[in-house]
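My structure is below; once you've seen it, I'll send some questions.
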Amino acid sequence: MPLIKGGERVDDPWISLAEGAEIPPHGPLIVSLQQWRDQRAALLARADTLGIRLASDQPTSEIADDLSHFELVALEFPSFGDGRPYSHARILREILGFEGELRAVGDVLLEQLHFMHRAGFDAFVVSSETALEDWRIAESEIRVWYQPTADGRPTAMMLRRG
Amino acid sequence: MYRYDEFDSDFVLQRARQFRRQTERRLTGELSEEQFKPLRLMNGLYLQLHAYMLRINVPYGCLSSRQLRKLAHIARVYDKGYGHLTTRQNVQFNWIKLEDTPAILEQLASVEMHCIQSSGNCIRNTTSDPYAGAAAEEIHDPRLYCELIRQWSSLHPEFSFLPRKFKIAVTGSPRDRAAVKVHDIGLRLHRNPAGEAGFEVIVGGGLGRTPFIGKTVRDFLPVQQLLSYLEAILRVYNQLGRRDNKYKARIKVLVHEMGTEAFQKCVEEQWEQIREGGLTLPQEEIDRIGAYFAPPAYEDLSDSVPALETTRREEPAFDAWLQNNVVEHKQAGYAIVNVSVKAVGAAPGDISADQMEAVAELADRFSFGELRVTHSQNLVLCDVRKTDLEALWRRLAAIGLATPNVGLLTDSICCPGLDYCSLASARSIPVAQSISERFADPGRLRDIGELQLKMSGCINACGHHHVGHIGILGADKKGEELYQLTLGGSADENTAIGKIIGPGFDAEGIVDAIENVVETYLSLRQDGERFIDTYQRVGRDPFKENLYASDQGR
Ligand code: SF4
């Protein structure tokens, strides 16, 4: 599925560790929370970078102490209406200070992209074939923001105050 | 009132254009109805029984005459010539075509209005005291904080996909006209001993299937911290609120299941982490928004107007109107005027395009061009010179908007029910109309005194029946409409949930039952008691006995 990052459609260097699969010796690897817990030592022994994937009902506190091991956190959107990952993203960015890639996976549609970007996501696995077009639409439509978030966009209040 | 600056104007226009794009994709079939549904809901467009309904936010109930004229225009061009005032101080149009909505949103944007978040699982339009800024006993004007909440909650990147809808109400008066204890968050402005303004924060109230009275989680929150504290509450709710069952998804259930203390602790922990962040409100910003709500240019007037007394002696109808519809103002020589949209036999809250235009004209002439929508589905002219009251009354009477029944039995609150709503179990409007006709006599009505009747067409309780002194709940029993009666509810500072009194009634029987309850009250009341006072004194048994005595086995 298309990966959008930095406003471009890019190749995805990461692979996800399938359930029950052997840990590959090389390459950036994304694991689930369970895999991380079960195989922590083996995963840390690899030379390559590591990412973790959280389901929407797995709060950030589960990985808060381990964050330094991950270059990527993927948050799953099981459905359009499940808004928990937006909170998780903001906590990761604004409270836990996570600076790696924050990736939105799962049910990721045009209409959510702008909210996600504002909440701190910087990479999006979009199922639509017109992913890049969708991204451009989502980023161009709304250009006034009222909430300060880690995306650093100036809010209306900041602009008013000059 | 608040005026949009370039940022606000751009924002609502951008949002309207976005909806045009979404609607076009739906009309060409690129989006299925299933995909389109959450998008239209985020812009207040519901599919009802017969047509689309568009719900337009009236920000915390404040409306300018210019905006009301635009609503009249929309009613005429895109609807059947009338609109409907809702129990959340909004306006609904019930006969809208999907293909017209982008144009309607653009027209609304031109008068600083929108439908953003008027439905969906997000933070809805904040509601407030319809007398804000004018009430004699007001401690602090709540509107500026409502506006700050409006901006902060608009397309919030974190809270646009909550477990369920989320409603905030703010009051700044000791008399609570905003029902803050039955909202997801209720905010009560008051002052601490040092004279600083702050909020009592009440969380987890609500009506619907399982009514709860909100719990106070903080006695005094400095106003500067309003948004950071709201963000902390919403963050806890967004993460922990139930998403497995729509009927248990409101914050009231979370607070109830966690316990107030545990919930409060969670919020405080969250807040500690963000309270010093970018959401702290600079005093200059509070002052800047506050300046929009500065009092209008009141004249220096005497509070006593002898001519009024003469006219009221000569005209009993004027006297009745003064007594029931006109309220004391904080400014000498001025009055707050309630415009009753509850004419005898009319559908509560329905207002025609002609009436809207006429009222807009009256607002310009008599009340600085501003109006309010109340949660009891009426309008208010907030700043009327006492010397103008008679002229205003005559003009209101000429357009059917001077029924002297505000706060009385026929000033009932009523949801749309089965005439429009696809969730309804029973009709509610025709029942309200029958009751209104049964109690049409103004003398009798006045003798009965203050009595709030609230009716919902199903368990979702949009008509707030739980907190009516008398509540009516429509149900469906094997295909027959059945009406349950509740007594003893209250939505003011002494909030109480009414109790079901016994077996339900059919559509005709319910009108008799209301009359029976009223008769019981009249026979038991002691001097000066309102219905609710008598009920609280004697309890429900006498009412129940009289109701079911004559008619065994109903
Ligand atoms: S209470 Fe029921 S019938 Fe009435 S508007 Fe709400 S959902 Fe519809």
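The values are calculated or read from the model by the stated rules, or taken from the named source; none is laboratory data. Quick caveat, the model's predicted, so the values are computed rather than measured. A quick note on method: Cβ atoms are made from the backbone with ideal geometry, for glycine too, and the neighbour counts reach across all protein chains shown. Areas reflect the complete protein model, heavy atoms only, side chains present, ligands, DNA and RNA absent. Shrake-Rupley method; radii C 1.70, N 1.55, O 1.52, S 1.80 Å.
If I filter the stretch B:208-228 for residues that are within 14 Å of chain A (Cβ to nearest Cβ), assigned to a helix (DSSP H, G or I), surrounded by fewer than 24 Cβ atoms within 10 Å (Cβ to Cβ) and touching an Asp or Glu at 6+ places or on another chain (Cβ under 9 Å), do I get at least one hit?
For the stretch B:208-228, residues within 14 Å of chain A (Cβ to nearest Cβ), assigned to a helix (DSSP H, G or I), surrounded by fewer than 24 Cβ atoms within 10 Å (Cβ to Cβ) and touching an Asp or Glu at 6+ places or on another chain (Cβ under 9 Å): present.
On to the next question. Only residues that are open to solvent by 20 Å² or more (accessible area, probe 1.4 Å), within 8 Å of the ligand (Cβ to nearest atom) and either modelled with pLDDT of 95 or more or in a loop (DSSP other than H, G, I, E, B) (or both): list them for the stretch B:396-419, please. Working first, answer last.
From the stretch B:396-419, those open to solvent by 20 Å² or more (accessible area, probe 1.4 Å) are B:397-400, B:403-404, B:406-407, B:416, B:418-419; that's our starting set.
When the remaining residues are screened for being within 8 Å of the ligand (Cβ to nearest atom), the result is B:416, B:418.
Hit for the stretch B:396-419 is B:416, nothing else.
Considering only the stretch B:362-369, I want to know if a residue exists there that is touching an Asp or Glu at 6+ places or on another chain (Cβ under 6 Å), without any contact (Cβ under 8 Å) to a residue 60 or more places away in the chain, part of a loop (DSSP other than H, G, I, E, B) and within 16 Å of the ligand (Cβ to nearest atom).
no
Right, another one. Being open to solvent by less than 40 Å² (accessible area, probe 1.4 Å), away from every other protein chain (no Cβ under 14 Å) and under 25 Å from residue B:245 (Cα atoms) narrows it down to one of B:205, B:172, so name that one. Spell out how you get there, then give the answer.
On the way: B:172 fails: under 25 Å from residue B:245 (Cα atoms).
Step by step, each of B:205, B:172 is checked, and only B:205 is open to solvent by less than 40 Å² (accessible area, probe 1.4 Å), away from every other protein chain (no Cβ under 14 Å) and under 25 Å from residue B:245 (Cα atoms).
List the pairs whose first member sits in the stretch B:34-45 and is without any contact (Cβ under 8 Å) to a residue 40 or more places away in the chain and facing chain A (nearest Cβ under 10 Å), whose second member is open to solvent by less than 30 Å² (accessible area, probe 1.4 Å) and polar (S, T, N, Q), and whose Cβ atoms are under 6 Å apart, counting only residues at least 6 apart or on separate chains?
Between residues of the stretch B:34-45 that are without any contact (Cβ under 8 Å) to a residue 40 or more places away in the chain and facing chain A (nearest Cβ under 10 Å) and residues that are open to solvent by less than 30 Å² (accessible area, probe 1.4 Å) and polar (S, T, N, Q), the close pairs are B:39/B:22.
Which of the residues belonging to the stretch A:38-70 are open to solvent by 60 Å² or more (accessible area, probe 1.4 Å), more than 14 Å from chain B (Cβ to nearest Cβ) and part of a helix (DSSP H, G or I)?
Matches in the stretch A:38-70: A:38, A:40, A:41, A:44, A:45, A:65, A:68, A:69.
OK, next. Could you tell me which numbered condition residue B:496 fails, if it satisfies all but one of (1) away from the ligand (no atom under 16 Å from the Cβ); (2) more than 30 Å from residue B:166 (Cβ to Cβ); (3) aliphatic (A, V, I, L, M)?
(2)
Continuing with this model, one more query. Would you mind telling me which numbered condition in (1) in contact with a helix residue (DSSP H, G or I) (Cβ under 9 Å, 6 or more places away or on another chain); (2) more than 8 Å from chain B (Cβ to nearest Cβ) residue A:107 fails?
(1) is the only condition that residue A:107 fails.
Here is a follow-up. Just name the residue that is surrounded by the fewest Cβ atoms within 10 Å (Cβ to Cβ) out of those in the stretch A:120-159 that are out of contact with any His (no Cβ under 9 Å at 6 or more places or on another chain), without any contact (Cβ under 8 Å) to a residue 40 or more places away in the chain and at the interface with chain B (Cβ under 7 Å from one of its Cβ atoms).
The qualifying residue surrounded by the fewest Cβ atoms within 10 Å (Cβ to Cβ) is A:143.
Considering only the stretch B:422-457, how many residues are within 7 Å of the ligand (Cβ to nearest atom) and surrounded by 22 or more Cβ atoms within 10 Å (Cβ to Cβ)?
Residues in the stretch B:422-457 being within 7 Å of the ligand (Cβ to nearest atom) and surrounded by 22 or more Cβ atoms within 10 Å (Cβ to Cβ): 4 in total.
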